[in-house]
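Have a look at the structure below before the remarks.
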2 protein chains.
Amino acid sequence: MTDTAVIHDDPSGTNNDDDAVTEHGDSGISHLPKKEAPDGKIYFSYSEIHATITSLVPQLEAFQPTLMIAIGGGGFIPARILRTQLKVPIVAVSLELYDDNTNSIRETGVQCLQWFDVSEKPGSFAQNGNVLIVDEVDDSRTTLQFCVEQVLQRCSPKRIAVAVVHNKLKVKKGVLPSHVEYFAGADVPDKWNCYPWDAAAYGRDIETHEALSRECSGLPK
Amino acid sequence: MTDTAVIHDDPSGTNNDDDAVTEHGDSGISHLPKKEAPDGKIYFSYSEIHATITSLVPQLEAFQPTLMIAIGGGGFIPARILRTQLKVPIVAVSLELYDDNTNSIRETGVQCLQWFDVSEKPGSFAQNGNVLIVDEVDDSRTTLQFCVEQVLQRCSPKRIAVAVVHNKLKVKKGVLPSHVEYFAGADVPDKWNCYPWDAAAYGRDIETHEALSRECSGLPK
């Protein structure tokens, strides 16, 4: 058990400037590092999220997934975006590290609120198959570690991979076994990153959020 | 059993021009009817989808949901967007009407590929609670009918509602019991509607998709 970040096969490398976000792929989305908005937060547009997660498609196709596991609710949007191109079924699991009742991280660790039936299709595709776990952001890595452990306990996959939109550049609490393949669409600094589906949580409508995202990318409002 | 469309409490009404899409809410997104792109399809941007589904928030808050059921994969994105504002847990179900193996509608009807445990939280919030079923589009209504029937068979909710981003204006095959409340963010014509997460299915990257959506809204590219 270590507190040190363990990055496996991270396609984006770990050599980025900690204050910069590097976009991958040839989406035409701004490749400039994103800067903070006047409120100190970094805003990401839907198009950027889409381009960032789909930039992983060639590598994920090479992994040949048989089943995607979307970690709810964060993994729902990237998993649905990926499905169009990967054409593999999605099952959802619900894992909760944050307790909405106490507004804090659960002291008891991650709680499993929903899993899937591994004895029936499509859950059975995890057995002796290639399981791709999808989430929005690899922050402390605690939830990802828990999900990988559950997959290993409940299923007998041939290979496991994790794909996230963003890997936050910080010391990780969770550790992934070395045989777990790791794909991050982009590395992001350890800052307050705002996703478009959460616009209302920051008091923004979606148009204002998207305008702030363009501002963070140095694009015209 | 009837083939006639049954619309319950549709906030958008059924009086729209069949060739027009009316956006609801005060998002600042174009309120003009969307026109077909040169390829005959209608393209919707992520911002429009976000604004359309969140325009339902006041009505959905009044429904006081205790649990959201996201019909996967289509319901994943709207359910995740709604969660930020409704602040209720999401469980996912996987219901498949279309058979990817035969590229056709299943003759045997909808198949249930994943359900949730109603004996444990948060699935148990369906018992004697207000269940909100979320999907992207109400097309033939077959999947929605199946989902409502499953909820009624497996749970004992106090109230059930269905929320979709788009209600396609067409004769419905499925029928919802009259006590099921119905919310559609917008009515859309029975045309080829393209969603941004499916951009690659139409051979587009996300930037081209979003530009086509602006074109359909009569906005500058």
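Among the numbered criteria (1) within 18 Å of residue A:84 (Cα to Cα); (2) assigned to a strand (DSSP E or B); (3) of a type in the set (A, V, I, L, M), which single criterion is violated by residue B:134?
Tallying (1) within 18 Å of residue A:84 (Cα to Cα); (2) assigned to a strand (DSSP E or B); (3) of a type in the set (A, V, I, L, M), residue B:134 fails exactly one: (1).
Can you confirm whether residue B:65 is crowded, with 21+ Cβ neighbours inside 10 Å, more than 12 Å from chain A (Cβ to nearest Cβ), more than 15 Å from residue A:205 (Cβ to Cβ) and in contact (Cβ under 8 Å) with a residue 60 or more places away in the chain?
Yes: the conditions hold for residue B:65.
Mind checking which residues of region A:70-89 are without any contact (Cβ under 8 Å) to a residue 40 or more places away in the chain and at negative phi?
Correct list: A:73, A:76, A:80, A:81, A:83, A:84, A:85, A:89.
Being among the β-branched types (Val, Ile, Thr) and either closer than 15 Å to residue B:133 by Cβ or surrounded by fewer than 24 Cβ atoms within 10 Å (Cβ to Cβ) (or both) is the filter here, so list the residues in region B:29-53 that pass it.
Answer for region B:29-53, where residues must be among the β-branched types (Val, Ile, Thr) and either closer than 15 Å to residue B:133 by Cβ or surrounded by fewer than 24 Cβ atoms within 10 Å (Cβ to Cβ) (or both): B:29, B:42, B:53.
With the checklist (1) part of a loop (DSSP other than H, G, I, E, B); (2) modelled with pLDDT of 90 or more; (3) within 14 Å of another protein chain (Cβ to nearest Cβ) in hand, flag the one item residue B:37 doesn't pass.
All conditions are met except number (3).
When you scan region A:149-168, how many residues do you find that are crowded, with 21+ Cβ neighbours inside 10 Å and under 14 Å from the mean Cα position of the chain (by Cα)?
7
Residues of region B:111-128 being within 21 Å of the chain's Cα centre (by Cα), touching a residue at least 40 places away in the same chain (Cβ under 8 Å) and in a loop (DSSP other than H, G, I, E, B), which ones?
Listed by number, the list holds a single entry, B:116.
Could you tell me which of the residues B:102, B:108, B:143 is under 15 Å from the mean Cα position of the chain (by Cα) and over 30 Å from residue A:103 (Cα atoms)?
B:143
Any idea which of (1) touching a residue at least 40 places away in the same chain (Cβ under 8 Å); (2) more than 19 Å from residue B:113 (Cβ to Cβ); (3) out of contact with any Ser or Thr (no Cβ under 8 Å at 6 or more places or on another chain) is the one residue A:96 doesn't satisfy?
(1)
Name the residues in region A:68-99 that are β-branched (Val, Ile, Thr) and more than 10 Å from every other protein chain (Cβ to nearest Cβ), would you?
A:69, A:71
The values are calculated or read from the model by the stated rules, or taken from the named source; none is laboratory data. Just so you know, these numbers come straight off a predicted model, no measurement behind them. For neighbour counting, all protein chains shown are included, and Cβ atoms are generated from backbone atoms with ideal geometry for every residue, glycine included.
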